[in-house]
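Heads up, the thing below is written out as structure tokens.
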Amino acid sequence: MSDKARFRVWRGDGGDGELVDYAVEAHEGEVVLDVLHRLQATQAPDLAVRWNCKAGKCGSCSMEINGRPRLACMTRMSVFEPGEPVTVTPMRTFPVVRDLVCDVSENYVRARQIPSFSPAPGTRPGDFRMTQSDVGRSQEFRKCIECFLCNNVCHVIRDHEENRPHFAGPRYLMRIAELEMHPEDTADRRMIAQEAFGLGYCNITKCCTDVCPESIRITDNALIPMKERVADRRYDPLVWLGRTIGLR
Ligand code: SF4
Ligand code: F3S
Ligand code: FES
């Protein structure tokens, strides 16, 4: 069984573009990415779309579908009403390279700024054991596929370009939280989180959590606990005294 889907697809480069209407064949059981591929194959061979796994695991096919940040390979055509137009646009928060492809490289710059896992000097592989609860916590964060839908949806940068240099977004604040919560880690990244990565800009709206395709509880399990840790440090009387007399 097949039908024509009504697609409105953003075409253009970073500077200029427009929504272009297409009628594309769609088959039962397909996802939006299937229809975009058919569009490439039949009508728009120059359409730029990034994808890789078609299984929700590589994080490449992030885009906005009827205004909602989603993975195209995990968005079933059956969620739309028959005849409903499907509007497909690139992620709004990142610079557009062309059509549906964004430049997300600023995220990798942020990733490199995070001090890596730092066990006590002399610790060798196998020297420590983790409890299952500690393993479970980092396993949740490690489900991240780096689709950057969370960063894309966060209003702190989505609606305020001026915040961009000061706010790294939820994905890498979560990475800091993951390392901070590791029981064998000895580094202190709390001030980096607060000052360089802009944790204080997050006002826990939870939009990031709502769009995460891996259902990671970014706000409750990473950002709020990280805020609590920062608050503990900032309001620790010894830390305050040290800061006041210039020791810390
Ligand atoms: Fe994507 Fe979720 Fe990772 Fe954010 S935390 S980059 S939404 S998988
Ligand atoms: Fe943004 Fe998520 Fe905080 S959407 S404001 S980082 S809870
Ligand atoms: Fe890999 Fe969609 S193609 S997540």
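Each reported figure results from applying straightforward, stated rules to the coordinates on display, with no laboratory input. In this text the structure is predicted, and so the values were computed from the model without any measurement. Backbone-built Cβ (ideal geometry, glycine too); neighbour counts: all protein chains shown.
For this structure, a couple of remarks:
- Contour excess over end-to-end distance, with Cα ends at residue 41 and residue 228 and 0.36 nm allotted per residue: 62.2 nm
- The eigenvalues of the Cα gyration tensor, multiplied by 5 and square-rooted, give the chain an equivalent ellipsoid with semi-axes of 41, 20, 15 Å from largest to smallest.
- For region 69-160: relative contact order, % (alpha-carbon pairs under 8 angstrom, 6 or more apart): 34 percent
- Percent RCO, i.e. relative contact order, over the chain, from Cα pairs under 8 Å lying at least 6 residues apart: 16 percent
- FRET efficiency, 1/(1 + (r/R0)^6) with R0 45 Å, evaluated for residue 68 and residue 128 via beta carbons: 0.60
- Packing-based exposure ordering (other Cβ within 10 Å, fewest first) of 62, 138: 138, 62
- For region 130-214, the equivalent ellipsoid derived from the alpha-carbon gyration tensor has semi-axes of 24, 17, 9 Å in decreasing order.
- The alpha carbon radius of gyration of region 91-166, expressed as a multiple of 2.2 N^0.38 Å, is 1.53.
- Cα→Cβ-extended label distance, 7 Å offset, between residue 138 and residue 58, nm: 2.8 nm
- The Cα center of region 69-123 and the Cα center of region 162-237 differ in position by 19 Å.
- If R0 is 25 Å, the Cβ-Cβ spacing of residue 21 and residue 162 corresponds to a FRET efficiency of close to 0.10.
- Neighbour net charge for residue 98 - beta-carbon separation under 14 angstrom, K R +1, D E -1: -4
- Reducing region 132-148 and region 15-44 to their Cα centroids gives an inter-centroid distance of 34 Å.
- Burial ranking of peptide ranges 114-121, 183-190, 214-221 (average Cβ count within 10 Å, highest at the top): 214-221, 183-190, 114-121
- Mean residue ellipticity, 222 nm, helices only, the chain: the sum of -39500 (n - 2.57) across DSSP H runs of n ≥ 4, divided by residue count and rounded to 500, is -8000 deg cm²/dmol.
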